[in-house]
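Since the structure comes first, as structure tokens, the remarks are kept for the end.
What follows is calculated from the coordinates using simple rules that are stated; it is not laboratory data. Nothing here was measured: the structure is a model prediction, and the numbers come from that model. Because the Cβ atoms are built from the backbone with ideal geometry, glycine has one as well, and the counts that use them run over all protein chains shown.
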């Protein structure tokens, strides 16, 4: 695994705390034979637990390993993924480089964990690859992101090769975008002690319908009246009345000033 991860180019800028980076290091120790079995099992369990935490936060299910890799691709903001936002992939030499990255991710999707599980006497990867999540209320996880991750994960599982993998991922970037702003609908501003701030996604939102807009029903009735050939005088009168109120308010402000 570590050899494949090290060959990533566009998606290879991993932070040292990233789960995929940590697992790559652990699998390197196993494959070169330089490890203490007890310590390696403990470290692997730590990373599997981190995958479970992400799975809980975002409502992953079925194959948590695939869900995690899918989530990683959805959140990876790089020059390629950003240029694909809302437009999809364009012709260019970069596609060949990214296709190699997706070939690697295809191998990671199909990775055989049996050798390391057999050698270490563990089955945690088998467990998370055939996972049945506990049913949770929507408020307990990010339902919106969960739906996107699980749907995309199923499509990537069915991809026959890196080209189909490429098409599925870039199709997602075109439809939704990439990163936090591509996966979430609304955000709140969180202030930092140093005076800075960051955008934090609002995980669970009530469904917002057109009927929730103030004045929508009246405007809709007026619109239907106009479309069916009826006069829209009431709508015009409403607009004139509103303008008179605005002008009156502005005149009052000027007189006060």
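Per-structure values
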quantity: Mean separation of Cα contacts under 8 Å (6+ apart) over length of region 17-172, as relative contact order %; calculated: 35 percent
quantity: Which of 118, 129 has the fewest Cβ neighbours within 10 Å, and the rest in rising order; calculated: 118, 129
quantity: Cβ-derived FRET efficiency at R0 25 Å, residue 61 paired with residue 189, nearest 0.05; calculated: 0.20
quantity: Estimated inter-spin distance, residue 163 and residue 28, nm [label 7 Å along Cα→Cβ]; calculated: 3.4 nm
quantity: Stretchable slack from residue 181 to residue 154, in nm (0.36 nm times residue separation minus alpha-carbon distance); calculated: 7.5 nm
quantity: Residue order, fewest to most beta carbons within 10 Å, for 192, 66; calculated: 192, 66
quantity: Packing-based exposure ordering (other Cβ within 10 Å, fewest first) of 2, 173; calculated: 2, 173
quantity: Net lengthening on full extension, residue 91/residue 127 (0.36 nm per residue, minus Cα-Cα); calculated: 8.9 nm
